[in-house]
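Working notes for the structure below.
The values are calculated or read from the model by the stated rules, or taken from the named source; none is laboratory data. Because the structure is predicted, anything quoted here is derived from the model rather than measured. No Cβ is skipped: glycine too gets one built from the backbone with ideal geometry, and neighbour counts run over all protein chains shown. The protein model used for the area step is the full one, side chains on, heavy atoms only, and it has no ligands, DNA or RNA in it. Shrake-Rupley method; radii C 1.70, N 1.55, O 1.52, S 1.80 Å.
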Number of protein chains: 2
Amino acid sequence: MGVTKTEIFTEQQNRIADLAKAFSHPARVAILQLLIARKACVCGDLVDELELAQATVSQHLKELKRIGIIQGEINPPRVCYCINPEVWEEAQKTFGSLLETFALATSCCN
Amino acid sequence: MGVTKTEIFTEQQNRIADLAKAFSHPARVAILQLLIARKACVCGDLVDELELAQATVSQHLKELKRIGIIQGEINPPRVCYCINPEVWEEAQKTFGSLLETFALATSCCN
DNA sequence: AAAATCAATCGTAAAGATACGATTAGAATC
DNA sequence: GATTCTAATCGTATCTTTACGATTGATTTT
């Protein structure tokens with residue numbers, strides 16, 4: 001079907017999956033890293049740094065905006081993008097606590 | 001094209017994206033959480049807890065195995081799955097350092 | 001040996017994701 | 001007002017993902 005059955009999972013599980021999607025494509029990882037380095041926060045700069053077409057970069061930016069992890073500020077004729085601190089912190093806490101739930105001492109099937 | 005241009009990104013970026021894929025679907029999040037709680041580490045138990053067909057669960061397990069974050073131990077007639085501690089730790093370090101690179105003080109487009 | 005159990009795989013359908021050229025829209029500049 | 005610049009959106013092709021029924025293969029139990 002290609003369609004995720006979101007209704008059978010918890011809100012938390014769906015949100016974790018959505019936040020993870022922000023990092024689940026190397027282009028989006030690269031974009032986020034570039035935004036953090038702040039050498040490039042304008043779409044055109046990102047297009048120059050990545051070997052991807054402008055339309056493709058715009059599409060990735062749209063997805064990152066949908067998740068909420070970046071925000072765009074119109075600064076004509078450009079649009080300046082940056083990390084959304086609240087959502088970034090949410091990601092920190094979410095993945096932090098999720099990854100901590102596993103105690104390394106736990107062994108398999110005992 | 002639907003196909004990612006992995007060759008234009010760094011090894012690190014591609015690995016981050018791959019690790020994030022483990023968490024980018026609520027079913028896989030649920031599976032990992034169940035494996036950590038260790039109330040269910042056998043495929044059949046996971047099928048019982050999730051409202052998904054056995055084939056679908058098996059497919060998600062295969063993807064998690066490909067990433068390396070879980071491992072399967074044959075225990076006939078069952079197969080017991082568990083978290084792979086090394087890769088889990090890799091995920092902890094990877095996401096930990098990535099999420100730390102953003103200093104909250106940084107403001108937008110200045 | 002036959003039947004039962006469990007999980008992987010096959011085949012397939014439908015929807016989503018990735019990528020890009022072309023077009024459009026908005027604003028600034030000439 | 002016309003041109004230029006930037007980025008969003010449209011249209012489209014192709015590949016991937018999600019999901020499930022059915023089948024297969026391996027092992028255990030009868």
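Observations, loosely collected:
- Average partner coverage of B:28-37, which counts Cβ from other chains inside 10 Å: 4
- Using a probe of 1.4 Å, the accessible surface attributed to A:Ser97 totals some 70 Å² when neighbouring protein chains are kept in position.
- Entry note, the protein assembly as shown: the mean residue ellipticity at 222 nm calculated from DSSP H runs of n ≥ 4, each adding -39500 (n - 2.57), is -17000 deg cm²/dmol after division by the residues and rounding to the nearest 500.
- Separation of the A:Gln59 and B:Glu7 label points, Cα + 7 Å toward Cβ, nm: 2.0 nm
- Per the Debye formula on identical point scatterers at the alpha carbon atoms of chain B, with no solvent, log10 I(q)/I(0) at q = 0.11, 0.12, 0.14 Å⁻¹ is -0.45, -0.52, -0.66.
- B:Leu52 - accessible surface, heavy atoms, 1.4 Å probe, Å² rounded to 10: 30 Å²
- Solvent-accessible area assigned to carbon and sulfur over the protein assembly as shown amounts to 50 percent, based on a 1.4 Å probe.
- Most mobile of B:Ile74, B:Ile31, B:Ile83 in a GNM of chain B (Cα contacts under 10 Å): B:Ile74
- In this simple spin-label model, placing a label point 7 Å from the Cα along the Cα-to-Cβ direction at both A:Arg66 and A:Gln33 gives a separation of 2.4 nm.
- Between A:Ala30, A:Ala53, A:Ala22, the residue with the greatest mean-square fluctuation in the GNM of chain A (Cα pairs under 10 Å linked by springs) is A:Ala53.
- Spatially proximal aspartates and glutamates relative to B:Lys5 (Cα-Cα < 18 Å; intrachain offsets below 8 disregarded): A:Asp48, A:Glu49, A:Glu51, A:Glu63, B:Asp18
- Chain B packed on chain A takes about 4200 Å² of accessible surface away from a 1.4 Å probe, both sides summed.
- Once Rg and the Kirkwood radius are both taken over the C-alpha atoms of the protein assembly as shown, their ratio Rg/Rh works out to 1.01.
- Å² per residue, accessible surface of the range A:11-88 at 1.4 Å: 48 Å²
- Among B:Gln33, B:Gln71, B:Gln12, the largest mean-square fluctuation in a Gaussian network model of chain B (Cα springs under 10 Å) belongs to B:Gln12.
- A:Thr94, B:Thr101, ranked by accessible area, largest first (probe 1.4 Å): B:Thr101, A:Thr94
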